[in-house]
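Some notes on the structure that comes next.
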Amino acid sequence: MIIEALIAVAFVAALVVFVAPDEYAGRLAAALSLLPVVGSLFMWAQYDASGNALLGGSIAFETDFVWLSLGNLDVHWFVGVDGISLPLIVLTTILTTLAIVSAWTPIDMRQSQFYGLMLFMEANLLGVFTALDFFVWFIFWEAVLVPMYFLIGIWGGPRRKYAAIKFFVYTNIASLVMFIGFIALVFGLGDSVSSMRLPEIAMALRANELGGFAGLNAETLKLVAFVAMFFGFAVKVPVAPLHTWLPDAHVEAPTPASVMLAGVLLKMGTYALLRFNFTMMPDVAKALVVPIAAIAVISVIYGAILALAQQDLKRIVAYSSVSSMGYVILGLVAYTTYGVGGATFQMIAHGLISGLMFMVVGVIYNTTHTRMVGDMSGMADRMPVTSGIFVAGAFGYMGLPLMAGFAGEFFIFQGAFASTVHSAMPLFTAAAMFGIVIVAGYLLFAMQRTLFGPFRFDGDYEITKAPIQDIAPLAVLLLLVIVLGVEPDLFFQMIQQAVNPILETGGGV
């Protein structure tokens, strides 16, 4: 029952913080958020499971009982973790605590509500990564949108209402399309399934038990459902050209919300693509390998080029997320152990690095009240520690060896080059590797103009060293990026155990 305890603690903590006085809310939220951190690390230390939770593998910390009956289908409270979901749970709990601490300086109004929403979002994220029944999973999936909408709409920048509405509309419509596609599959399976438990549905689909529905034969139904679900999850990732909500949301969101959005919420999309599309319907994914790989490469290159054209530091990091998520899609469609495993590892690596970069930009903004590259230079003289962490995080984004980003990208490239799903995969992989050059270009450009050279600041604020409460979460994130880069097997072995069953017989390298 540890999963239920984690989710319940986060919900109760949110309620407690909601009613706490503003002057105590930040410290109280940080203290209470440590409980899920301890719980997730305990789960990681005690983890003992092999195989994929959706494909007959053992499930750690499992709970399964009937909750509701919907005609011929039962809804189960069915939760558990495997080597894919557990690293994301650890990432969620740690990043939530660090994001809360990073909010102590910039958030100075309605603090109890802000921190309560952060904890409420954490509770629902934990539900997304542990739920193994579609009905329960979908409740958590949709509930995550609510706190993020309010975090952007209340504590965001000048165009916060526009950004919040755009975020909610885009992702909600995507969820509707995805929901229709999945339910069509359930109806097509008919009596082959007796519940909405994801393992039961996955096994039935892979056993070719799908029948026709709504005038569509089984093959057409599966293709239509795959495309609908891919669209719904791709908006959440996001991939080009479905990414246009992301820069607005990031730029207007307060820094802690941006950290959670880039670090965890985007991973909901790639996690769901792996769990649903690539696990349940591998035959369709392999048939569509060329368009999916093309989408991945376009996202990598286009996102990087857009980042290169930006002057706002937050927009640079936001567009770089589009590029990084393209690598994850490329790894997933490779259908090799290192490709899919590397994509999963890259979710964790990108969550840490993107969270670090958004926090650094937030610390600079707290002092300067600007994020524009042209408004400042020589910041390394006045903010040496912050600038040093900025440089380290940027090199992590570029894939510097012995950092988490390098390990994730190396696994993906190794798996994608070795992929046999299509003869064009090596070409797609080679094209995607050019994204690394563009990433180096825009990050070096931003660092050179902002951090180095003679000091100049077009503003009326005094530039001083950041307080320890701002530096501490940056240092922790940087340490985690290095630790995971030096010792990727902290997560990669369990990821491989969960990934291998996804691959068909004769799977890849």
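Out of all the residues in the stretch 466-506, which are of a type in the set (Phe, Trp, Tyr) and either open to solvent by 10 Å² or more (accessible area, probe 1.4 Å) or more than 16 Å from Met347 (Cβ to Cβ) (or both)?
Initial filter on the stretch 466-506 (of a type in the set (Phe, Trp, Tyr)): 491-492.
Scanning the stretch 466-506 gives a single hit, Phe491.
Listed conditions (1) within 23 Å of Val317 (Cα to Cα); (2) touching a residue at least 40 places away in the same chain (Cβ under 8 Å) are all met by Leu479, apart from (2). Within the stretch 242-262, does at least one residue satisfy the condition of being within 27 Å of Ile59 (Cα to Cα), assigned to a loop (DSSP other than H, G, I, E, B) and not polar (S, T, N, Q)? For the stretch 242-262, residues within 27 Å of Ile59 (Cα to Cα), assigned to a loop (DSSP other than H, G, I, E, B) and not polar (S, T, N, Q): absent. Of all residues in the stretch 266-277, at least one satisfies being closer than 20 Å to Val81 by Cα, in contact (Cβ under 8 Å) with a residue 12 or more places away in the chain and among the charged types (D, E, K, R). Taking Val290, is it closer than 30 Å to Gly26 by Cβ, open to solvent by 10 Å² or more (accessible area, probe 1.4 Å) and assigned to a helix (DSSP H, G or I)? No. Scan the stretch 326-383 for residues that are of a type in the set (Ser, Thr, Tyr), closer than 20 Å to Gly399 by Cβ and in contact with a Phe, Trp or Tyr (Cβ under 7 Å, 6 or more places away or on another chain) and the total you get is 1.
Which ranges mark the helices (runs of 4 or more DSSP H) fully within the stretch 337-455 that have 1 or more residues being touching a Lys or Arg at 6+ places or on another chain (Cβ under 6 Å)? Break it down into steps so the answer makes sense when it comes.
Numbers: elements: 337-368, 379-382, 384-398, 404-417, 425-451.
In the stretch 337-455, 337-368 are the helices (runs of 4 or more DSSP H) which contain 1 or more residues that are touching a Lys or Arg at 6+ places or on another chain (Cβ under 6 Å).
Please determine, by comparing only the residues of the stretch 54-78 that are aliphatic (A, V, I, L, M) and touching a Leu at 6+ places or on another chain (Cβ under 6 Å), which one is surrounded by the most Cβ atoms within 10 Å (Cβ to Cβ). Outline the logic, then answer.
Of all residues in the stretch 54-78, those aliphatic (A, V, I, L, M) come to 54-55, 59-60, 66, 68, 70, 73, 75.
Add one more test, that the residue is touching a Leu at 6+ places or on another chain (Cβ under 6 Å), and what stays is 54, 75.
Numbers: Leu54: 26, Val75: 18.
By that ranking, first place goes to Leu54.
The values are calculated or read from the model by the stated rules, or taken from the named source; none is laboratory data. Since the model is a prediction, treat every value here as computed from it, not as a measurement. Note: ideal-geometry Cβ built from the backbone for every residue, glycine included; neighbour counts use all protein chains shown. These area figures cover heavy atoms from the full protein model, side chains too; ligands, DNA and RNA do not enter into them. Shrake-Rupley method; radii C 1.70, N 1.55, O 1.52, S 1.80 Å.
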